[in-house]
Every structure is written in structure tokens, then in C-alpha cells.
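Single-structure report; data block below.
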Amino acid sequence: MVRESQPGRLKIGLLFPLFLAGVAVLVGRLYNIQIQNHDFLVGLARKQSETTVAIPAVRGTICDRNGVPLAFSLKTPTIFADPGIVAVPAKIRRWLPDLLGVPRPTFKKLLMSRRDIRDAVNDPTLKRTVHVVKELAKFLRVPEDALLVRLRSAVDDRIAEAARKASPALGLPEADLRRALSRERRFVWLNRPADKACARKIEGLRIRGICVRYEHRRMTAKGMSIGQWLGIVGAEGRGLEGLELLFDRPLKGSPGLARLRRDGRGKRIADSAEPTIPPRHGCKLHLTIDSRIQPIVDAELENVYSEFSPVSASAVVMEPSTGRILAMDSAPGLDVSTMREMGRDELRRRLRNHVVQSVYEYGSTFKPFVAAAAIDLQLVTPESRIHCENGLWVYRKRRLHEHPENIAQQITDIIVHSSNIGAAKLGLLLGDERLRQYVLLYHFGKKLGIRLPAEEPGLVTPLRRWTYYTTMSVPIGQEIAGTPLQLVTAFCALVNGGRLMQPYIVECIEDPNTGNMPPRTPLELGRIISPETSAKMRHILGQVVERGTGKVLRGCNYPIGGKTGTAQLPDPAGGYSDKYLASFIGFAPVNQPKICVLVMVDQPQGGRYYGGQVAAPAVGRIIDKSLAILDSVSDATAGLPESERPDSPIRLGHAPVVAVSER
């Protein structure tokens, strides 16, 4: 047996404790990394190699009462550029030294000695390349200006070449494209939105730094003037006007989150997206609007606007029994497809929804409300006679005059022939308190809560300022002002049995994530007159068309009732001007009203300004065409369950996609 020498044992005795100490340090370090600081270090690694990005939610669709989309989001291409990447090639390890006249071995030495230079060369941008050139000048101990001039010349050539290739595909002038690509920024929009053919061409060119990105673009039904109440959506997907603004939160939904992995250079690893929170897509907005009736209203209002050149005109179609808005428009209208061609002031003017945002004195269209109040209180009957003073009446300090043939007229004839003196006497018969009470019962002077932006409450004279003069003025539509929406809502109560229904345009909100769709039921704000009085008023208003100021509509396909209005507009200096508001409000059929239509024309030109001349013909055509549509659907679906009828207020499922325009 060979015994170890004394020096060998001494070496082992000295090295073994050192070995144990090394193992102990290693174990301690492993404990520190794997156990003690495990969570911290894993988090640090994830922070360096992973990033969280948002998954955009799709904005909800807005559709009409039959499910036809009026506004929806469509995935569309956009084209952008990163000028800092366009300016230099993807690989500059050989390109840069050859450009600057530097030997490649010399350039390689700089790369090997500096990590920041290696990173810049591996992922080059213009800013990083400039940094490399400056550091190379220091390394070579030469002036940097000469090298930078060469780089600038090469960069200009690359930008010019990129602009030359991309210009035909983008449809942009080459000079404009060069200026855009020469900007000192990392992101420039070139075409937003772009059509698919343009996107395919750009993708086929494979120009470094010019890319195609897809995003959801808001589209609207084309050929309908619905922008005023539907609203618009900004480029970033936020509602800016109308229903898009008011219901922006439920429509836009909430984005999801995805985790992306990146390599050591910070580049995204392909197919590494890991959804962690799915997006919650926007809700679907079901409206009461009928897309078959809306174009009819748009066309008729455009005809009125073209023929009479007014300051503005407005129209609204309502279902008297429920308060549903079937169509609404103001002229000049706003077809969103033409919005990009307008200046800011013109766009602002066209965005104004006169139906809910403009206030007018109603004129003679207010007379039926006073007659209904007197009949409902049994102060008069439709056959009661009132002396109309041969067309001239002075009461205290108030002078009223009208056609001299008006002597003694029945209440019916006061409305049929629109007698100012007869209406004023009805107001005095009611008295200050009762007249004002009825005015307020119809919700004049109050917002109706239709859930459209900037609704105006209108103007009603305060009680402390109410005088006999007011009592004589209100029955003829003066000293009281409101929106077209307030007038048509009150008129529906006049003919639907006396029930004031809250107008509404949003039927329900459908959550696509849960399927929940709380229904909206028509809301009665109060009963104003009795059903018997309402029936008498329908007959009286039918006589307006048969033999009164609305007889221009006698040839219509349906029996129509209504009332004309020709209101002098107030003069800012005091009194009344020689400008007029022409209006007509009609309903049909007379015995069982299905729709009520109001057309108001502010300051018509051309010598004609009476409501029966300017507004009534348009109302008649709207009623004829709309009822033909509604009746044809009703006949074709008679006997079907309500949920299966095409004209049901809500119809879920697939709907035809109408022509669309970009927003």
C-alpha cells in the first residue's frame, strides 16, 4: 500500500476547505436566485423579453328598426411610413463602410469594441446610423462633417427612390411624398384610410419603412342625410357628435390585452401573441328610425330647400301611438360621405339638428291646442260660434286683424280658416291660469328627454310676466316658442287619444357579449285631453285639408288631417319682421293615425311663404310614400307573430348591408 506523501495530504487539506467554500457560495447563490429572489428575477426577465399590447375592441353597430345597419365598423387598410427606417437599408454592415470609403476590417474593429455600435448596426435607423458615423469619425480621428455629407446624400437618394416607387401606388405626387418621408419623425400617415387595391400594391413593392396596418374604420349608410343625429366618429374611434357621442361608452366597448415576446434585440417573435384578456366589443344600438322612410324625408326636404332657398328646413316623422321617431332630417343636410370636402364652418352648420336644437314661434300650428283645451273643459263645442269682428278687433290695447269676411264662425271654422281673432277669444275664454296650465301639460318649455345632444327646452312666458296680452298672443303662436320636436310630440297627443308620449329614437341597446337587450317600452308622460276630445280634434283637423288652408292635400292617397302655420319671425330690434316661418303638420289616416309628419321652413324665398304653399305639399308626399311602405308590409305579414314581422320595432339577426360611405 502506497501512502500519500505529506505534501499531497497538505495540498488536499488546503484545497478541500476551499472547495467546500466554493460549493457553499454556489449553493447560496442558487438559493438566492431560485428561491429568495425568484419572483423578482422572473418578473425582470419578463419585463425585458415580454410586452403587453392592447387588442382593440370593435365599435358596435347602429341599425334601424328592421336591423339594417346605419353605422358599423369595417376592417380597412391604412398606410404609414417610418422615415427613419426608409432612409437606410436593413443591413448596413457592408453598405456603410463602402459608402464612407472605410476598410471593412477597420469598421469590424469598431463593431467588436462597442456594443452600442453593434446594436445600431443590427437594427439600423437614420438616427442610429448617424450615431455610428460620428463614432466612426472619432475612431478614425477624422472630421465627421465629411462622412455625414456622404451619408446625407445616400439618404436623399434612398428617399427619392422610395417616393418614386410608392407614388403611383398611393396616388400622391412624388414631391409631396418625398417631403413626407424626409420629416424628422418616426411615424407619418401616407394614406388613411386606403383602399384594398392600394394596400396590395404597397405590400407588393416591399419598400422598407412603408407599411400597411389594418384598423376598424367607421362606415355609414350612403345616400341618407343622417349625420346630424347619428353623429360622426373621429379617426381615433371616439364619438364626436350625435348618437355616436351620446352613446360612445357602450358603443366603443373595452380593449383586451395580449402578451408579446421579444428577442434579445427587442424584435417581436412571430406568432408569439398570447391573449390574456379578450376584448369586449361594443354594444349594438337599435334605433326606431326606418331606413325606408328616412330617404323619402331626405329627398322631400332637399326639394324644399332647393326650391325655396330658406335659411334652414327641418322635418320629423313620428308614430303617434308610441312616440317613436321614424325619420328626422334638417336642411342643409349632412351625408357623411361628403364630409371630407367641407370646411370647418360649413360642417358645423350642417351638423346642427334643427329638430331638437332650434327654437321657433309656432304661429297658427298652435291654434288647435287652444281649441282642444276649450272643448275638453266643455267651455265650447266644435259647433259653438264666436264673433270674429269682421276682421278687425281691438281689445284694450291689443289690435288684431284678419280677412274681413270672418264674421261669426264655429270653433271648427276658426281652425279650418285659421282665424287669429277667434283663437285669441278662445284664449281669453280659457283665462291666464288655465291656458298656461295646458301649455305646460304639453311639456312646452321643458326638455322631452329624447337622448339627443343639445336638446333645447323652448320658451314659455313666466307667470310673473304673463298678462292679457300673452293670453291673446299664445293662441296664435306668439310669445311661445319651442323646437319642431316639441310641436310634433304635442300634436301626436292631440290626435292619438290625448296621451302625451315621450319621443325616443333609441329602441334598445344589445350587448353582444352577453346577449342582454333590455327592451324600451313607450313612456306616457300624461293624459292631456280625453279620447272624445281627441276624436273631435281629428275631425276638425281633417276639415283643414278638406276645405281649409290645407286643401292642397285633398288629392293625396290617404285621408290627411293637419294644420298650416305661417309665423312672422321676431325682429331683433323689437316687434316682428317681414320674414316668415312656413310650416305644416299632418297625420294620416284621420281616424286611426299611423304617422305624424312636420315640415318647417325658415325664411323661404321667392315670394311664397305660406305654410300651405311651402311645407304642405312635402308633408303630403312624405305621408303617401311612407304609408304605402308601412301598409304593404302590414298586408304581407298579416297573421304573423310580432317578432317575425319585418316592420317589428326590433328584428335581430342578419340584415342586408346597404351602400356605405367612409367616416
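The values are calculated or read from the model by the stated rules, or taken from the named source; none is laboratory data. The shown structure was predicted, so the numbers you read here are calculated from the model rather than taken from an experiment. With ideal geometry, Cβ positions are generated from the backbone for all residues, glycine too; neighbour counts draw on all protein chains shown. Ligands, DNA and RNA are excluded from the accessible area calculation, which covers all protein heavy atoms including side chains. Shrake-Rupley method; radii C 1.70, N 1.55, O 1.52, S 1.80 Å.
So if R0 is 25 Å, what FRET efficiency would Leu440 and Arg527 give, r being the distance between their Cβ atoms, rounded to the nearest 0.05? That pair, Leu440 with Arg527, gives E of 0.95.
So, R0 is 25 Å and r is the distance between the beta-carbons of Arg259 and Leu26; what FRET efficiency does that work out to, to 0.05? Numbers along the way, then the final one.
Values: r = 33 Å, r/R0 = 1.33.
Between Arg259 and Leu26 the formula returns 0.15.
Looking at the chain alone, DSSP beta bridges between its own residues are antiparallel in about 95 percent of cases. By the gyration tensor of its Cα atoms, with a ≥ b ≥ c the square roots of the eigenvalues, what is the shape of segment 62-171: rounded for a/c under 1.5, prolate for a/b over b/c, or oblate? Since a/c reaches 1.5 and a/b is larger than b/c, the shape of segment 62-171 is classed as prolate. Expressed as a whole percent, the accessible surface of segment 391-542 that belongs to carbon and sulfur atoms is 52, based on a 1.4 Å probe.
Helix 432-441 and the longest principal axis of the Cα set of the chain meet at an angle near 40°. Here the label points at Phe40 and Lys551, each 7 Å from Cα along the C-beta direction, are separated by 9.7 nm in the simple model.
Taking each residue as 0.36 nm, the span from Thr514 to Ser113 lengthens on full extension beyond its C-alpha to C-alpha distance by 138.4 nm. Scanning the chain for GluC sites (Glu not before Pro) that sit in a DSSP loop and have at most 13 other Cβ atoms within 10 Å, the longest stretch containing none of them is 406-663. Cα centroid distance between segment 563-596 and segment 280-344, in Å? Each part reduced to its Cα centre gives a spacing of 19 Å.
For segment 303-438, the solvent-accessible area with a 1.4 angstrom probe is 42 square angstrom per residue. Whole-Hz Karplus values for segment 611-619 come out as x, x, 8, 8, 9, 4, x, 5, 4 Hz, taken residue by residue from phi with 6.51 cos²θ - 1.76 cosθ + 1.60 and θ = phi - 60°; glycine and proline positions read x. To make sure I understand the rule: partners must be lysines, Cα under 24 Å from the Cα of Lys196, and not fewer than 8 residues away in the same chain. Which ones qualify? Partners found: Lys75, Lys165, Lys222. Looking at segment 78-223, the accessible area is 57 square angstrom per residue; that uses a 1.4 Å probe and ignores ligands, DNA and RNA.
On the protein heavy atoms, probe 1.4 angstrom, tell me the percent of accessible surface of segment 316-365 carried by carbon and sulfur. Intermediate results must be reported in sequence, preceding the final value.
On the way: 760 of 1780 Å².
Heavy-atom surface of segment 316-365 belonging to carbon and sulfur, 1.4 Å probe: 42 percent.
Taking only protein heavy atoms and a 1.4 Å probe, the accessible area of segment 27-159 is 55% carbon and sulfur.
What 222 nm value per residue comes from the helices of the chain, counting each DSSP H run with n ≥ 4 as -39,500 (n - 2.57) and dividing by all residues, nearest 500 deg cm²/dmol? After summing the helix terms and dividing by the residues of the chain, the value is -12000 deg cm²/dmol.
Gain on full extension, evaluated as 0.36 nm per residue between Arg141 and Ser312 minus their Cα-Cα distance, stands at 54.1 nm. Close amide H pairs (under 5 Å, H built 1.01 Å from N) link Ile55 with Gly256, Leu257, Ala258, residues at least 5 positions away or on another chain. Overall shape: oblate for segment 523-616, with the ratio a/c of the largest to smallest alpha carbon gyration tensor axis at 1.5 or above and b/c at least equal to a/b. Simple spin-label estimate for Ile277 and Asp432 gives 6.2 nm between the two label positions (7 Å along the Cα-to-Cβ direction from each Cα).
Using only the Cα atoms of segment 426-556, build the gyration tensor, take square roots of its eigenvalues as a ≥ b ≥ c, and label the shape rounded, prolate or oblate: rounded if a/c is under 1.5, else prolate if a/b is larger than b/c, else oblate.
Judged from the Cα gyration tensor, segment 426-556 comes out oblate (a/c at least 1.5, b/c at or above a/b).
Just one of (1) 14, 38, 31, 13, 3, 0, 0; (2) 15, 42, 33, 9, 1; (3) 15, 34, 22, 16, 9, 3, 1, 0 is P(r) over Cα pairs in 20 Å bins from 0, in percent calculated from these coordinates, so which is it? For P(r) over Cα pairs in 20 Å bins from 0, in percent, the calculated option is (3). Solvent-accessible area of His38, all protein chains in place: 70 Å² (probe radius 1.4 Å, heavy atoms, ligands and nucleic acids excluded).
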